[in-house]
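What follows is a single structure, written as structure tokens, with notes after it.
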Amino acid sequence: AADVRCNATWSDGWWTLELERKLDTGHEDDTKFDQARAYKMAVSTHDRTGDMDKASDVLTLQLKGE
């Protein structure tokens, strides 16, 4: 979790969430992202009580090179 930086903004009734992480964190238990692939993922929100409040449907993460 400490490898991911996040920023979220609320505007016009929509949340925009931006996540940032190295493609390869150097940790064995982290996925090494390949820009040629798409990845299935979900996002959940928490209110710091330890309970999950909401989870997204399955999302597809498609990386784009710079």
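The values are calculated or read from the model by the stated rules, or taken from the named source; none is laboratory data. Please read all numbers here as calculations on a predicted model, not as lab measurements. Heavy atoms of the whole protein, side chains included, go into the accessibility calculation; ligands, DNA and RNA do not. Shrake-Rupley method; radii C 1.70, N 1.55, O 1.52, S 1.80 Å.
Side notes on the structure shown:
Every residue, every condition in (1) closer than 15 Å to Val4 by Cα; (2) of a type in the set (Val, Ile, Thr); (3) modelled with pLDDT of 90 or more, yes or no:
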site	(1), (2), (3)
Glu18	yes, no, no
Asp24	yes, no, yes
Asp30	yes, no, yes
Phe33	yes, no, yes
Arg37	no, no, yes
Met41	yes, no, no
His46	no, no, no
Ser56	no, no, no
Leu59	no, no, no
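- Annotation: of all residues in segment 1-15 being open to solvent by 80 Å² or more (accessible area, probe 1.4 Å) and either assigned to a strand (DSSP E or B) or farther than 27 Å from Lys32 by Cα (or both), the one that is modelled with the highest pLDDT is Asp12.
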